[in-house]
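*Asks:* To start, I am sharing the structure in question, which I have written as structure tokens.
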Amino acid sequence: MHNMEKEKQTVRNTDEMAANGLSFSEIRKVVSDQIGGYGGSDGMSVMKLVQLLGSAITGKKEEYKLSFDREEEYRWYIDFPNWPWKKANLEMVSGADKLLDILSKGRDRVTVLVKPSSKPMDEAEFQKLKQDGWLELTQIQSSLTGGATYTARGNNIERFVRRHPLTGEVSQRTLWLCPVTLFVVGRYPKYFYVKAIEE
């Protein structure tokens, strides 16, 4: 009886432990929910999925350098050389593609610096960074296996709006980041600070 209680407590403690915002039970959920979409449920796919997710979570950085390529039919894809599943999973859609159109300035490849954060930057500090070309993405919704939705603010963001085709009314566009984000930065940060750089 004593061992049984000890095992139950160990399971509870393990589930409560967080690895950069994801508990072990959440990691299991991501893996189980994503296997079908990323190429099957064979043992090798599961191992690759767990390894990629684990590397992203444990390899958390303050800043990431990410590159994106615009390919056929003006579709944007993140450059993820070791991605073992369908390339379609890497496509930037639902506003993320529009933001890359702005950041790329007409080029077919753009590299960005990305700084994830759990807290907003001080307004005065952000205004200084904004003058240097940084954008702030603020999470407005997220779902562990459904991605996260963000709004954007910064210079040249006036081009990142929706205009109603009949009324001409302008509204702020949002962008969606799919669960591949978890394999890149290990979480859906509340804030992303983003800047295009020259390579």
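*Asks:* What ranking, highest mean first, results for peptides 191-197, 68-74 when packing means the other Cβ atoms within 10 Å averaged over each residue?
*Replies:* Numbers: 191-197: 18.6, 68-74: 12.6.
The peptides rank, most packed first, as 191-197, 68-74.
*Asks:* Something else now. Taking H as built 1.01 Å from N, whose amide H comes closer than 5 Å to the amide H of MET92, not counting residues under 5 places away?
*Replies:* Amide H neighbours of MET92: TRP76, TYR77, ILE78.
*Asks:* Please report SER143, SER104, SER67 as a ranked list, fewest other C-beta atoms within 10 angstrom at the top and most at the bottom.
*Replies:* On the way: SER143 10, SER104 18, SER67 14.
Listing SER143, SER104, SER67 from fewest to most nearby Cβ atoms yields SER143, SER67, SER104.
*Asks:* Which of the pairs LYS87/LYS130; LYS86/LYS119; LYS105/LYS190 have their Cα atoms more than 30 Å apart in this structure?
*Replies:* Numbers: LYS87/LYS130 33 Å; LYS86/LYS119 34 Å; LYS105/LYS190 27 Å.
Over 30 Å apart, Cα to Cα: LYS87/LYS130; LYS86/LYS119.
Any read-out appearing in this document is the output of simple, stated calculations on the displayed coordinates, not a laboratory observation. Fair warning: this is a prediction, and the values are worked out from it, not measured in the lab. No Cβ is skipped: glycine too gets one built from the backbone with ideal geometry, and neighbour counts run over all protein chains shown.
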